């Protein structure tokens, strides 16, 4: 039951906290502590572990406080079930038993943190508040992504696997929606690690095609392997061809065929791909009868194919066929607003994989990451986050020293030697602090679509503080106008 059903307007947090414990007395004591010391009053109670999953389906639960030793269904069994069915819910274990092995196992299974019931109330309250903050950040990030996407897209959910709040990426998604149902090829261009395969998956989902998405990396395939892989062969076509085999083109018929690293395709294979695009047909090895396909062709490359075809390294006719529709995925350095979002997401995945609580982050870490160019893009950032979490041994937040850079790649080195994180030309006038303050507020309001609560979160200040600064800016503009008149 909801303890505060008649106080809807005064609930904190906006999502519910579910206490799952078979001891009614512990419900009462913990509930009173959360309300009186933490102001946490949006509480739900479950004494029978068999009812917990139904409550998660029925009520807006964001955080679960779960006991382990209960009749009917154990807490560990329930933890596993909840983590699989409700991966966005934050689960905190509060157990009567203090066993290190059990705690480690629970963290590996997806728990955010582990406490024993005898834990001092202040420390327990701090842990529960951290769980609430994590859920709030998750929801705000989701809302921000949805705000950026939904005002321009018909199907923003199709791009849910691509974490971004970038306007540049929103423009890419908008273009993809417009060409997704075309039968013509689509060329996806972008540096290594920008997520070209994720883009291909999204296009396939948008296309409405009933067939499968079939992916193959064509880099390094010689002419024979390319033919056999894509077009298949008849029995006896070559030594070892003991039976007929369908190729990937046939497997993708009615769906989408995605050819990655198309720039590395050898010239002889380029000719066969051109025929497939022009005629919609191909020859299996050993066959003199063509087969037809209804597969949509998507290709991806990190190379400049326009430059390669001008140099004679890539067939010009094939190039023009492939770029009927073309999209360029911006590198991570061109969408720095995604760095914090992505690093946090990957760090949480790493912590879950290692059976650790999600880490906190120091301001210095964000400064260093924002100043790095990420030549390996999102793939490099993911590896960096996983490595940083595995290196991190203290109870404090992640710091630049946890990052796996060598000195010659570490952008914090210059700062440590007296350099600046932001570079200005020597002959340029430095902006004043007042000007910088105004520019930062304008940019935050722009990214938050003029939502002051979200903009304040981006800036790391409270909403009332942002409101006061905006008022000062408006008053300043009014004074300037009156003086000019």
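The sum of -39500 (n - 2.57) across all DSSP H runs of n ≥ 4, divided by the residue count of the chain, sets its helix-only mean residue ellipticity at 222 nm to -14500 deg cm²/dmol.
Helix 196-207 axis versus longest C-alpha principal axis of the chain: approximately 80°, rounded to the nearest ten. Distance between the modelled labels on residue 192 and residue 157, one decimal in nanometres: 3.7 nm (7 Å Cα→Cβ projection).
Can you tell me the length gained on complete extension of the stretch residue 364 to residue 74, counting 0.36 nm per residue apart and subtracting the Cα distance? All intermediate terms of the calculation are to be shown ahead of the outcome.
Details: separation 290, 0.36 × 290 = 104.40 nm, distance 4.23 nm.
Contour length minus Cα-Cα distance gives 100.2 nm.
Residue ranges 372-381, 217-226 sort as 372-381, 217-226 when ordered by packing (mean number of other C-beta atoms within 10 Å per residue, highest first). For the stretch 78-93 versus the stretch 27-61, the inter-centroid distance based on Cα atoms is 15 Å. According to the square roots a ≥ b ≥ c of the eigenvalues of the Cα gyration tensor, what is the shape class of the stretch 8-144, taking rounded for a/c under 1.5, prolate for a/b larger than b/c otherwise, and oblate for the remainder? Judged from the Cα gyration tensor, the stretch 8-144 comes out rounded (a/c under 1.5). Extent of the stretch 159-330 along its three principal axes (Cα atoms, max minus min coordinate, largest first): 54, 39, 26 Å.
Ordering 181-189, 116-124 by mean Cβ neighbour count within 10 Å, with the highest value first, yields 181-189, 116-124. Highest mean packing comes first when the peptides 24-31, 125-132 are listed by Cβ atoms within 10 Å, giving 125-132, 24-31. Projected label points at residue 121 and residue 443, each 7 Å from Cα along the beta carbon direction, are separated by 4.5 nanometres.
Among 343, 112, the order by Cβ neighbours within 10 angstrom, fewest to most, reads 343, 112. In the chain, the DSSP beta bridges split such that about 10 percent are antiparallel, to the nearest 5. Just for the stretch 1-103, what percent of DSSP beta bridges are antiparallel, to the closest 5? If I count the DSSP bridges inside the stretch 1-103, around 5 percent turn out antiparallel. A straight chain from residue 433 to residue 304 at 0.36 nm per residue would run longer than the Cα-Cα distance by 42.3 nm.
Report the FRET efficiency, 1/(1 + (r/R0)^6), for residue 241 and residue 294, where r is their Cβ-Cβ distance and R0 is 22 Å, rounded to 0.05.
On the way: r = 26 Å, r/R0 = 1.18.
Here the calculated transfer efficiency is 0.25.
Once R0 is set to 56 Å, what does the formula 1/(1 + (r/R0)^6) return for the Cβ-Cβ distance between residue 333 and residue 58, expressed as a FRET efficiency to the nearest 0.05? Before the final figure, lay out each step's value.
Details: r = 45 Å, r/R0 = 0.81.
Calculated value: 0.80.
Let me know the Kirkwood hydrodynamic radius for the chain, please, with Cα pairs as the basis and the value in Å to one decimal. Write down the numbers at each step before the final one.
Numbers: mean 1/r = 0.0375 Å⁻¹.
Final number for the Kirkwood radius of the chain is 26.7 Å.
Laboratory data are not the source of any read-out in this text; all were calculated from the coordinates shown. Not measured: the values here are computed from a predicted model. Cβ coordinates were reconstructed from backbone atoms using ideal geometry, including for glycine residues, and neighbour counts include every protein chain displayed.
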